[in-house]
């Protein structure tokens, strides 16, 4: 059997009914609002997956994670341009990255982290109008056959479980 035959027979479909909840919740921009401005104004942090609030920025779990514990550190100030952030906001963002990395080392024990920003659509920003920093824990061997052969990522922990563990770790 050729490689393409195997891929076609084994990986045409991946049963993931839990993904439909996310698909149905996607804001297509009809409201004219910004999810990163709107969510922190609400008081339902657990439902919004906000695990930490600072003075200048907040931390939210990524609803479409690359890996377990994938977080976003987001300034409250709405901008797509780093030059629009004041030095105190930039400093708090980096201190918050340090805070969440320390917490995740303690509870998830990753072997490393990807930390960074995608500035602009061509750089991969999904929400380009409000800059944010990704913090993605990584483990040796976390790239398995699914992304390579099937073009599919496997997330081994629910967002709800990640929220509980990370929120508890950040609170003390």
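Cut-off is 10 Å between beta-carbons; in what order do 122, 162, 80 appear when sorted fewest neighbours first?
Details: 122 8, 162 24, 80 14.
Neighbour counts put them in this order, fewest first: 122, 80, 162.
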(request) Return 64, 58 ranked ascending by Cβ neighbour count within 10 Å, so the fewest neighbours appear first. (result) 64, 58
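Could you line up 76, 163 from fewest to most neighbouring Cβ atoms inside 10 Å? List each step's numbers first, then the result.
Numbers: 76 16, 163 21.
Least to most surrounded, the residues fall as 76, 163.
Every number in this text was worked out from the coordinates using simple rules, so none of it is lab data. All figures in this text were calculated on a predicted structure; none of them were measured in a lab. Backbone-built Cβ (ideal geometry, glycine too); neighbour counts: all protein chains shown.
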